[in-house]
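Below is one structure, written out as structure tokens, with a few remarks after it.
The values are calculated or read from the model by the stated rules, or taken from the named source; none is laboratory data. Just so we're clear, the structure is a prediction, and the values are computed from it rather than from any experiment. All Cβ positions, even for glycine, are placed from backbone atoms using ideal geometry, and neighbour counts span all protein chains on display. What goes into the accessible areas is simple: the full protein's heavy atoms, side chains included, and nothing from ligands, DNA or RNA. Shrake-Rupley method; radii C 1.70, N 1.55, O 1.52, S 1.80 Å.
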Amino acid sequence: MSEPIVLGIESTCDETAAAIVQGRTLRSNVVASSMEEHARYGGVIPEIASRAHAEAFVPCVSQALSDAGLGLGDVDAIAVSAGPGLAGCLAVGVSGAKALAWAANKPLYGINHVIGHIAVTQLQFGPFPKDTLALIVSGGHTSLLHVRDVARHVDVVGTTLDDAAGECFDKVARLLGFPYPGGPHIDRHAQLGDPKAIKVPQGLTQGKAGAAHPYDFSFSGVKTAVARWIEEQQAAGRDVPIDDVCASLADSVATVLARKAMRGCEQYDSKTLIVGGGFSANSQLRAKLLEYGERAGVEVRIPRLKLCTDNGAMVAMLGVNLVEAGVAPSAPDCPIDSAMPMNKICM
């Protein structure tokens with residue numbers, strides 16, 4: 001068959017996005033963010049996000065089709081994020097996608113948007129080699145996945161036991177007085193600080209816990225340790241060296257992620273590591289992964305920044321994979337799943 005054309009729709013959190021992918025070519029990519037509306041509250045408010053999705057859905061889809069020079073009848077399938085994510089936000093995107101699929105008589109794929117973060121790297125790096133590993137790092141997820149077939153078979157190697165890397169950064173950022181989202185502020189200050197200035201623990205890497213969870217992640221203790229250090233400095237009347245705090249935190253988290261990812265690559269004899277999710281925009285993590293990858297002989301594929309955060313391109317690209325693999329479309333009444341497991345690719 002000719003290269004399938006898929007419309008991808010994303011609405012899991014605070015970005016409404018739509019994109020058109022044809023084969024491995026990105027023909028349009030439109031993103032509308034409601035992040036500024038949440039900043040005053042220090043985090044995403046689901047009701048505000050859902051309302052923003054409802055307002056932005058039609059303009060985003062229309063713009064994506066227009067930018068690609070296509071009408072809805074020209075696409076071969078529609079893919080939409082059905083989970084994991086905020087239930088109200090998912091409901092807006094999935095409901096809209098169902099309406100479009102019904103109106104245009106097109107197959108619908110309700111996909112796992114975390115697996116989309118893996119698929120989108122094909123737009124930049126091409127097909128996956130055999131036994132590829134993927135490190136997903138976003139606000140709510142830190143997962144290590146073994147990709148046998150991105151359309152049919154993904155296994156969970158390691159997962160978050162408490163706070164994800166992005167959550168840890170946001171919580172420390174709040175203590176330091178940074179506005180939401182805190183990650184970019186910590187990144188900028190970390191570039192100016194000393195990563196060895198403060199001893200920050202590396203979660204689940206030592207002793208029995210580390211041995212029992214070689215590929216799992218835990219950043220709650222890291223957050224608590226940094227918080228206590230800041231409180232001690234303030235109680236003693238000393239200034240908090242913000243740049244050094246950020247650099248030490250970023251180095252600790254990046255080191256844990258890189259070490260565990262490389263250990264997973266060794267375990268699965270993988271020479272390729274795909275990195276995806278909004279937290280993969282962090283410059284310390286990108287540098288650390290590339291450094292460890294070079295040392296271990298592993299090719300690290302980190303997408304350009306626009307493809308790291310939630311976007312329609314990742315949804316459409318996974319949709320293309322599903323169409324090409326001959327995977328059956330989702331049912332017309334497919335549900336959302338706000339806690340969709342990482343090994344489920346499509347509803």
Quick one: would you say residue 208 is more than 15 Å from the chain's Cα centre (by Cα) and part of a helix (DSSP H, G or I)? yes
Taking first residues from the range 194-213 that are closer than 15 Å to residue 240 by Cα and second residues anywhere that are assigned to a helix (DSSP H, G or I) and open to solvent by 50 Å² or more (accessible area, probe 1.4 Å), the pairs with Cβ under 7 Å that are 6 or more apart or on different chains are 198/229
Go through the residues of the range 271-281 one by one and say whether even a single one is assigned to a strand (DSSP E or B) and either surrounded by fewer than 16 Cβ atoms within 10 Å (Cβ to Cβ) or of a type in the set (D, E, K, R) (or both). no
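So, in the range 289-311, how many residues would count as being open to solvent by less than 10 Å² (accessible area, probe 1.4 Å) and modelled with pLDDT under 95?
Kept after step one, since they are open to solvent by less than 10 Å² (accessible area, probe 1.4 Å), are these residues of the range 289-311: 289, 293, 303, 307-308, 311.
Next, only the ones that are modelled with pLDDT under 95 stay: 303, 307-308, 311.
The qualifying residues number 4.
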Consider residue 18 against the criteria (1) under 17 Å from residue 95 (Cα atoms); (2) at pLDDT 95 or above; (3) open to solvent by 10 Å² or more (accessible area, probe 1.4 Å); (4) not basic (Lys, Arg): it satisfies all of them except one. Which criterion is unmet? (3)
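Okay, residues lined up against (1) within 18 Å of residue 170 (Cα to Cα); (2) at pLDDT 90 or above; (3) hydroxyl-bearing (Ser, Thr, Tyr):
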residue	(1), (2), (3)
205	no, no, yes
209	no, no, no
212	no, no, no
219	yes, no, no
234	no, no, no
245	yes, yes, no
249	yes, yes, no
252	yes, yes, yes
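Could you please find all residues in the range 170-188 being under 18 Å from residue 225 (Cβ atoms) and open to solvent by 50 Å² or more (accessible area, probe 1.4 Å)?
The first filter runs over the range 170-188 and keeps only residues under 18 Å from residue 225 (Cβ atoms), leaving 170-176, 182, 186.
Of everything in the range 170-188, those that are under 18 Å from residue 225 (Cβ atoms) and open to solvent by 50 Å² or more (accessible area, probe 1.4 Å) turn out to be 171, 174, 175.
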Sole miss for residue 189 among (1) modelled with pLDDT under 90; (2) not in a loop (DSSP other than H, G, I, E, B) is condition (1)
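Any idea which of 144, 133, 123 is touching a Cys at 6+ places or on another chain (Cβ under 8 Å), buried (at least 20 other Cβ atoms within 10 Å of the Cβ), farther than 26 Å from residue 189 by Cβ and hydrophobic (A, V, I, L, M, F, W, C)? Talk me through it step by step, then tell me what you get.
Values: 144 fails: touching a Cys at 6+ places or on another chain (Cβ under 8 Å); 123 fails: touching a Cys at 6+ places or on another chain (Cβ under 8 Å).
Among 144, 133, 123, only 133 is touching a Cys at 6+ places or on another chain (Cβ under 8 Å), buried (at least 20 other Cβ atoms within 10 Å of the Cβ), farther than 26 Å from residue 189 by Cβ and hydrophobic (A, V, I, L, M, F, W, C).
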